[in-house]
Amino acid sequence: MIKDLISRGIGFIRKNPTILYSFVLIVAVTAIIFFNSYYSLRKFESSTDKLLQSKALLAENVLRVFGADLMEDDEYLQSKIEAIKSQDSEIKDIAILKPGEGGGEFSIVAMTGDSANIENQNTLYAILWSKGEAIAFLDHDGQGRFWNIGDVIRDDEGNKKGIALFRLSLSEHDKFVQGIIDRVYFVAIASLVIVLLLVMNHARLFKYELKATKLEEIDKMKDDFISMASHELKSPLTAIKGYISLLDNNLLGKPDSEEIRNQRRYLENMDISATRLRDLVEDLLEVSRLEQNRMPINLENIELSAIIKGIADEMKITAQQKNLELINGAEDALVVSADPERVKQVLVNLLSNAIKYTPSGKVEIKSKQDSKFAYVTVADTGMGMSAENMKNLFSKFYRIKSAETSKISGTGLGLWISREIALKIGGDLTVESIEGVGSHFTLKLKKV
């Protein structure tokens, strides 16, 4: 299973090399942070080692100054070195030694700690005695690292009297440094884990990006297909409508009979179906143009009241067929910046819907304006709708499902198209409605 995952991962990286670059970059940044921290800690450790060495040498120098005078009083010298050690927990051992007769083997005068640690360093004593100057070096035992520091004790005339030895423990210092190093390791490992999680998440997001790209391609193919199919359907539909009209004309003047009446009814049903199909094709074409940003928009200064009057006159016959009152209450002198053809398209759609979904009562066109915008409202006394239905009203292919609307034909695209057009010409389309009372659709347009 692990081999399969690794092989799949390698294959994915080969197909998408950008993720490898991201991974290398993140790991490189983490490594730089880690090594910088590690180097800084080592420099810090080196500096503190030198500081401790200087501290030990200072303590040794103090002891050396008084050591010559104290060499003759072993008990007093012992109390002095014990006092020095008690004042500094980092001092591990102190020892004062003097040579035998004729510079022979060294013997301990005073000391703290284990005498075995002192007695086994005859080579160090010989070097110290022969050089006559202080030496210091790092050493370690089972308890940790320490500084070994030694110097020759002289009297006032400069004569060698003995040797002072210090063992300065670095255990607390090393414990502190190791704690910092452990934290650096922890932070580095945690950073690496986070980086791996980010890379995994990046890979997942990259997959989503690929899927989104493919979906966009499929969506474009769908739009292209709809556009092509719609164009191809227009020609046969035009021919069908023409043949229906021709057949209807052939029935004119013929004697009325049951057969003629049936033929007229059939032609009427065919014409209704062809009209519905033509409207659907036109809507699909409009959707395709809007989504692909291919709809031409020509903004110009237009007299809105004249357009409203023309549309109201055209739609009055349709309203009268349903015994509806169509009232044009729009203000005069409404000049806006818009595409006149697109404004007509939106208003025709709003008025058609208002008439279609109003069983009885009236449909009224009203307008108002403020300093920046003009507002045209198409109000009806129709079915109305709930707040829940209004949320989705401007979605593609959305139709309110009820017993009343099921008998009314429609594609569910008209309001979506109308709102998209309104937005493209710098306005908007909104709705207010109360179920069972009626609806108000308001088109907002920029004033000149």
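What's the magnitude of the charge dipole for the stretch 296-446 around its Cα centre, counting Lys and Arg as +1 and Asp and Glu as -1 at the beta-carbon? Answer in Debye, nearest 20.
Working: 19 positive and 18 negative charges, 87 e Å.
Here the stretch 296-446 has a charge dipole of around 420 debye.
Take the Cα atoms of the stretch 178-289, build their convex hull, and give its volume per residue in Å³. Could the numbers behind the result be given before it?
Numbers: hull volume 13.3 nm³, N = 112.
About 118 Å³ per residue, rounded to a whole number.
Cross-link list 391/424; 356/396; 80/175; 220/407; 211/234: which exceed 24 angstrom alpha carbon to alpha carbon? Display every interim value, and only then the final one.
Working: 391/424 21 Å; 356/396 19 Å; 80/175 29 Å; 220/407 34 Å; 211/234 34 Å.
Long pairs (Cα-Cα over 24 Å): 80/175; 220/407; 211/234.
For residue 85, list the aspartates and glutamates whose Cα falls under 13 Å from its own Cα; do not include residues on the same chain fewer than 8 positions away.
In chain and number order, the partners are 60, 93.
Under 17 Å Cα to Cα from residue 131, which lysines show up? Leave out anything in the same chain fewer than 8 places away.
Cα-Cα hits under 17 Å: 98, 160, 161.
Relative to the present Cα-Cα distance, how much length would full extension add between residue 240 and residue 138 at 0.36 nm per residue of separation? Before the final figure, lay out each step's value.
Working: separation 102, 0.36 × 102 = 36.72 nm, distance 10.50 nm.
Gain on stretching residue 240 to residue 138: 26.2 nm.
Using unit Cβ charges (K, R positive; D, E negative) and no other charged atoms, how large, in debye to the nearest 20, is the dipole of the stretch 178-289 about its Cα centre? Don't skip to the end; give the middle numbers.
On the way: 16 positive and 18 negative charges, 82 e Å.
Magnitude of the dipole: close to 400 debye.
So which aspartates and glutamates can residue 222 reach, going by Cα to Cα under 19 Å and dropping same-chain residues fewer than 8 places off?
Those aspartates and glutamates meeting the cut-off are 232, 282, 283, 286, 291.
Pick out, from 246, 262, 273, the residue whose Cα sits farthest towards the positive end of the charge dipole of the stretch 178-289, with +1 on the Cβ of Lys and Arg and -1 on the Cβ of Asp and Glu.
About the Cα centre, the residue reaching furthest to the positive side is 273.
For the pair residue 31 and residue 362, what calculated FRET efficiency results from E = 1/(1 + (r/R0)^6), where r is the Cβ-Cβ distance and R0 = 56 Å, to the nearest 0.05?
Details: r = 78 Å, r/R0 = 1.39.
So the FRET efficiency works out to roughly 0.10.
No lab work stands behind these numbers, since they all come straight from the coordinates. Just so it is clear, the structure is predicted and the values come from calculations on it, not from any experiment. Cβ coordinates were reconstructed from backbone atoms using ideal geometry, including for glycine residues, and neighbour counts include every protein chain displayed.
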